[in-house]
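> Have a look at this one before I ask anything.
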């Protein structure tokens, strides 16, 4: 029966409403059939320049009232948008209906309690089908392969009941229409995209999951009772691939299943398993393909132009962003790897809203972004810094994530240089000096050069020489603090009062020590070139921070 059921194209507004309404979205005004193919997701920000894809479905976060909504509809019509989503309920529908008809932009309402972030992520998942490469049409049981939302609707039709498809952690992978016929716990699950914790504990106490994963038959679950909440009975079945439990399918029942529908439910679970495997494999394959394309583009070789073409980025200047974790963020390698994956996915969702044409891929320990920019101008670079800063602000400081930004690549051959510069900025940030979490290469260029010069000195096994070598040797024998004194004096531009306060000694004592620096080190501190050389060597040899220790042979060791 499933084989002959049709489904709407994934990129159509009708399909969005079919999959997400009325649990999440309701059509208020406009013709979904006239919207055409959706080009992506955009988020309206009244305080920033908008870059929505053509035929976008725009999320009007913070848009309230008929007047504000009508004004935004007219703006979006000029930008070629297909639909606007606002928080429901919406008043003064008659006026908006006229504006929607005038502009051709459909108006949708997001259910109260639903998350804008979850809606953006779900829309991105639905609209991203076939984004990368050239994939042929594949079907399983007459439905697009891996399309779990179409499958959920088909199974719901077979059972005459709203259903959800869940993974092993009770997260909602897909759900059918008609969720308004279910109960409040099901609606809460849809809005949060996972079963509420209180019901998970109840099911575990009652042994529901144990029975579900042990049996190959549908399991009937009586209505869960928690306080005054009203719930309906459920029937669930485990989704298996051999011995592996992939997840489960849950139906909310207002009337018992007939024997025929129960048998159909059991058969449908086998088809769900195939789709879940295809969905998992397809997602993994798409991630690998995208990573390969981003890698080819970043190398800047002969394949870069083709890779950028397949990513849809061949016609604009690009900036490379590099996201990494500071070394102290996590000492557990598995935890750090999981955190990188989570941050990469979150960054992809964030960029879908602010710059939908971006490409994101995790390559090793660094997530790289190919960010389209209008030109190589200061505002374009500042915009990239702001996008990165906004993302890190939302992720919180506990993640330890930092983002380095490279130079603008006006042609594919320049992408390798942009990546190298993003890596250099990222390395400065990972050094842990200062509180900044985002930096463009132009802002940390000197710091990057110093790190590279340190690397060169370490490679050559360079040793302290000249005045500094004499000062270090004297300090080691007499504990005289001459290196500390020179460093403080240089930092204070020769201001003895400020320098002595910095090292907590009397200024007369400091004057005596600085004279000993000149005598022992045989250094002329009146010569600016000598002062510069001393300051540079202090930094390069690790004597400008508390992490530098002088080795017995005169070399220094620094935290790398």
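> I'm trying to understand the selection: among the residues of region 510-544, which are out of contact with any strand residue (DSSP E or B) (no Cβ under 6 Å at 6 or more places or on another chain), in a loop (DSSP other than H, G, I, E, B) and surrounded by 17 or more Cβ atoms within 10 Å (Cβ to Cβ)?
If the condition is that a residue be out of contact with any strand residue (DSSP E or B) (no Cβ under 6 Å at 6 or more places or on another chain), in a loop (DSSP other than H, G, I, E, B) and surrounded by 17 or more Cβ atoms within 10 Å (Cβ to Cβ), then 523, 525, 543, 544 are the ones that fit.
> Among the candidates 315, 332, single out the residue that is modelled with pLDDT under 85, farther than 24 Å from residue 387 by Cβ, surrounded by fewer than 17 Cβ atoms within 10 Å (Cβ to Cβ) and assigned by TED's automatic domain parsing to the domain that holds residue 423.
Values: 315 fails: farther than 24 Å from residue 387 by Cβ.
Of 315, 332, the one residue that is modelled with pLDDT under 85, farther than 24 Å from residue 387 by Cβ, surrounded by fewer than 17 Cβ atoms within 10 Å (Cβ to Cβ) and assigned by TED's automatic domain parsing to the domain that holds residue 423 is 332.
> Being surrounded by fewer than 18 Cβ atoms within 10 Å (Cβ to Cβ) and closer than 26 Å to residue 259 by Cα is the filter here; which residues of region 179-192 pass it?
Scanning region 179-192 gives 180, 181.
> Residues in region 412-428 that are out of contact with any helix residue (DSSP H, G or I) (no Cβ under 9 Å at 6 or more places or on another chain) and modelled with pLDDT under 90: how many?
1
> I need a count of the residues in region 392-411 that are assigned to a helix (DSSP H, G or I) and either modelled with pLDDT of 85 or more or buried (at least 24 other Cβ atoms within 10 Å of the Cβ) (or both).
Applying the first criterion (assigned to a helix (DSSP H, G or I)) to region 392-411 yields 392-395, 397-399.
Filter once more, so that each one left must be either modelled with pLDDT of 85 or more or buried (at least 24 other Cβ atoms within 10 Å of the Cβ) (or both): 392-393.
Final tally of qualifying residues: 2.
Residue-by-condition table, conditions (1) within 29 Å of the chain's Cα centre (by Cα); (2) outside any loop (DSSP other than H, G, I, E, B):
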residue	(1), (2)
165	yes, yes
180	no, yes
190	yes, yes
212	no, yes
224	no, no
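> Can you name the helices (runs of 4 or more DSSP H) wholly within region 413-492 that have at least 2 residues being farther than 30 Å from residue 524 by Cα and out of contact with any strand residue (DSSP E or B) (no Cβ under 6 Å at 6 or more places or on another chain)?
So the answer is 415-430.
> Still on this structure, please answer the following. Mind checking which pairs have a first residue in region 141-169 that is more than 25 Å from residue 185 (Cβ to Cβ) and a second that is modelled with pLDDT of 85 or more and surrounded by fewer than 23 Cβ atoms within 10 Å (Cβ to Cβ), Cβ under 6 Å, 6 or more apart or different chains?
Hits for this filter: 141/271.
> Read through the list (1) surrounded by 16 or more Cβ atoms within 10 Å (Cβ to Cβ); (2) over 17 Å from residue 294 (Cα atoms), then give the number of the only condition that residue 389 fails.
Going through the list (1) surrounded by 16 or more Cβ atoms within 10 Å (Cβ to Cβ); (2) over 17 Å from residue 294 (Cα atoms), residue 389 breaks only (1).
> Follow-up question, since we're still on this one. Could you give every pair whose Cβ atoms fall below 8 Å, whose first residue belongs to region 17-31 and is on the phi > 0 side of the Ramachandran plot, and whose second residue is crowded, with 20+ Cβ neighbours inside 10 Å, counting only separations of at least 6 or pairs across chains?
Once the first residue is on the phi > 0 side of the Ramachandran plot and sits in region 17-31, its partners that are crowded, with 20+ Cβ neighbours inside 10 Å give 30/83; 30/100; 30/105; 30/106; 30/107.
> Please find, among 242, 300, 227, 282, the residue that is at pLDDT below 80, surrounded by fewer than 14 Cβ atoms within 10 Å (Cβ to Cβ) and more than 21 Å from residue 203 (Cα to Cα). Quick ask: steps written out before the conclusion?
Values: 300 fails: surrounded by fewer than 14 Cβ atoms within 10 Å (Cβ to Cβ); 227 fails: more than 21 Å from residue 203 (Cα to Cα); 282 fails: surrounded by fewer than 14 Cβ atoms within 10 Å (Cβ to Cβ).
Only one candidate passes the filter, namely 242.
> Here's something else I'd like to know. Any residue in region 210-229 that's in the same structural domain as residue 200 (by TED's automatic domain parsing) and within 16 Å of residue 183 (Cα to Cα): show its pairings with residues that are modelled with pLDDT of 90 or more and outside any loop (DSSP other than H, G, I, E, B) at Cβ separation under 6 Å, as long as the two are six or more apart or on different chains.
Close Cβ pairs (under 6 Å, with a partner that is modelled with pLDDT of 90 or more and outside any loop (DSSP other than H, G, I, E, B)) amount to 221/208; 221/234.
> Do we find that residue 370 is in contact (Cβ under 8 Å) with a residue 24 or more places away in the chain, under 15 Å from the mean Cα position of the chain (by Cα), assigned to a helix (DSSP H, G or I) and surrounded by 23 or more Cβ atoms within 10 Å (Cβ to Cβ) in this structure?
Judged against the criteria, residue 370 is not a match.
> Is there a residue being in a loop (DSSP other than H, G, I, E, B), closer than 22 Å to residue 35 by Cβ and at pLDDT 90 or above anywhere in region 111-119?
No, that holds for no residue.
> Now for a separate question. Would a scan of region 347-359 turn up a residue that is out of contact with any helix residue (DSSP H, G or I) (no Cβ under 7 Å at 6 or more places or on another chain) and loosely packed, with under 14 Cβ neighbours inside 10 Å?
no
> Can you tell me which residue among 274, 246 is touching a helix residue (DSSP H, G or I) at 6+ places or on another chain (Cβ under 6 Å) and not in a loop (DSSP other than H, G, I, E, B)?
246
The values are calculated or read from the model by the stated rules, or taken from the named source; none is laboratory data. All of these numbers come straight from a predicted model, not from anything done at the bench. All Cβ positions, even for glycine, are placed from backbone atoms using ideal geometry, and neighbour counts span all protein chains on display.
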